[in-house]
1. Assess whether residue 180 counts as being assigned to a helix (DSSP H, G or I), more than 19 Å from the chain's Cα centre (by Cα) and of a type in the set (Lys, Arg).
2. Which condition does residue 327 not pass, out of (1) over 28 Å from the mean Cα position of the chain (by Cα); (2) within 26 Å of residue 362 (Cα to Cα); (3) aliphatic (A, V, I, L, M), if it passes all the others?
3. Looking at 103, 92, 50, which is the one that is assigned to a helix (DSSP H, G or I), within 44 Å of the chain's Cα centre (by Cα) and small (Gly, Ala, Ser)?
4. Taking into account only those residues within region 125-146 that are of a type in the set (A, V, I, L, M, F, W, C) and in contact (Cβ under 8 Å) with a residue 60 or more places away in the chain, which is farthest from residue 192 (Cα to Cα)?
5. From the set of residues in region 64-101 that are modelled with pLDDT under 95 and among the small types (Gly, Ala, Ser), which is nearest to residue 30 (Cα to Cα)?
6. From the list 82, 112, which one is in the same structural domain as residue 50 (by TED's automatic domain parsing) and surrounded by fewer than 16 Cβ atoms within 10 Å (Cβ to Cβ)?
7. Given the condition free of Cβ contacts under 8 Å to residues at least 60 places away in the same chain and either assigned by TED's automatic domain parsing to the domain that holds residue 63 or of a type in the set (Gly, Ala, Ser) (or both), answer yes or no: does some residue in region 150-161 qualify?
8. Out of curiosity, is residue 190 in the same structural domain as residue 17 (by TED's automatic domain parsing) and of a type in the set (Gly, Ala, Ser)?
Amino acid sequence: MANEWGRLPEQAYALISKREWLHRGNLKARLLGERPFPIRVSLKPPTNRAILADLAHFQRYVGAWRQFPHQQWLEWEERNYRTLGSQRVPLALVLEDITSLLAYLGKEAQARSDSWVRNMAPLLAIESKLYPVLVNYLELLASLSPIDIQRLQQLIPQLKPGMGNGQYLRALPLQGVDTKFVEQYVRLISDLLDCLHDGAIAAQGGLANWLDVKGNHKGWLTVRPLCAAAQAGLGGLGLLQLTVDELRQQPLPAKHILVVENVQSGLGLPFMADTIAVSGGGKNVSWLDAPWLADKQVAYWGDIDSWGLHVLSDARSKLSQLTALMMDHATVMRYSAMMVEEDSSMTAMPTHLTVEELALFEALIAGSYPGTRLEQEKLAPDYIQQRLNEWLSSLQ
């Protein structure tokens, strides 16, 4: 059959393009020498029987490769066939190095490669051993403007261990580069520095530790007192934001602490006696290991989906007496018509759920409900009020 032998030029190109260019992992491995050259692709020369089955394809196959403009990349061989006698047939396409590969792939690949080289050059001028790191960031490098490359070149030599002196990242004393740029490209910067400093960044647990900076917190937690007494205990403030570290160290002046996944749901809570709400942490519940929480009554309310139940499990791993609110089968059944589908589900089993919560998790991932996600915002205020009152009553 024609599709089993006699690979044509366009078929060889499609194969090499897919395997060596579009597959970025393979391309990077070639550039790093992990997949050594040459690239050799068999052109599938036929047997005598195959030629007899499709002589027209044999003629197309040989003719197409005779017209191929880069004969230096081809291996040919004289073969004797019973039906046709001696025939010179193409055996393989061989690309000896990256230059040959790019030339074979054409102008678009060459232009892309030129842009990589152009963006790499200023950074390789810092230190040639950065090359493997830069190859691993080809896509990001291609997206950077010349100004960004210049900033990166200016930045890397300025960053030194301990230079932050325990201050926030935004207070780093940098010249000609803003610290927001550091935040934006923190992974690339970390890996470049890790290469330059022989693994010191990874050894110290990341760039922030190596620089000795607190970091600019993305996840500020919103603290809202839900009664006058709690507000007075916070200096009269009705709303404030704290970092995770600050909240871990700062006891809140209320007996009941209500942790809410989303900020908007936290802002919509009714007034509650002796209660402070902490909302907006999302998946970050690391502060729940704070010692001052040990003598508080703490509840957690989040979205009902596989990820939300994993966050609940994580929270309870840090605070075993944690009570879950409105994250149960009854809530799902009441608002099942409001359920939607998760973008992707977390199927690993959470380890710190109650029997009932684990059954809910299993039912969600098994598709036992009309959807796999019930957002906090879908619950009616009267239902929320009722369930919160029930929680407070159970504590008396």
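The values are calculated or read from the model by the stated rules, or taken from the named source; none is laboratory data. The model shown is predicted, which means the values in this text are computed figures rather than measured ones. Cβ: placed from backbone, ideal geometry, glycine included. Neighbour counts: every protein chain shown.
1. On the way: assigned to a helix (DSSP H, G or I): yes; more than 19 Å from the chain's Cα centre (by Cα): yes; of a type in the set (Lys, Arg): yes.
Criteria met by residue 180.
2. The one condition residue 327 does not meet is (1).
3. Working: 92 fails: assigned to a helix (DSSP H, G or I); 50 fails: within 44 Å of the chain's Cα centre (by Cα).
One residue alone meets the criteria, 103.
4. At the first step, the residues of region 125-146 found to be of a type in the set (A, V, I, L, M, F, W, C) are 125-126, 130, 133-135, 138, 140-142, 144.
Add one more test, that the residue is in contact (Cβ under 8 Å) with a residue 60 or more places away in the chain, and what stays is 126, 130, 133, 135, 138.
Numbers: 126: 10, 130: 6, 133: 6, 135: 11, 138: 13 Å.
Among those residues, the one meeting the criterion is 138.
5. Filtering first and then ranking leaves 86.
6. So the residue among 82, 112 that is in the same structural domain as residue 50 (by TED's automatic domain parsing) and surrounded by fewer than 16 Cβ atoms within 10 Å (Cβ to Cβ) is 82.
7. To start, the set of residues in region 150-161 that are free of Cβ contacts under 8 Å to residues at least 60 places away in the same chain comprises 150-161.
From the residues that got through so far, the ones that are either assigned by TED's automatic domain parsing to the domain that holds residue 63 or of a type in the set (Gly, Ala, Ser) (or both) too are none.
Looking through region 150-161, none of the residues is free of Cβ contacts under 8 Å to residues at least 60 places away in the same chain and either assigned by TED's automatic domain parsing to the domain that holds residue 63 or of a type in the set (Gly, Ala, Ser) (or both).
8. Working: in the same structural domain as residue 17 (by TED's automatic domain parsing): no; of a type in the set (Gly, Ala, Ser): yes.
For residue 190, the condition - in the same structural domain as residue 17 (by TED's automatic domain parsing) and of a type in the set (Gly, Ala, Ser) - is not met.
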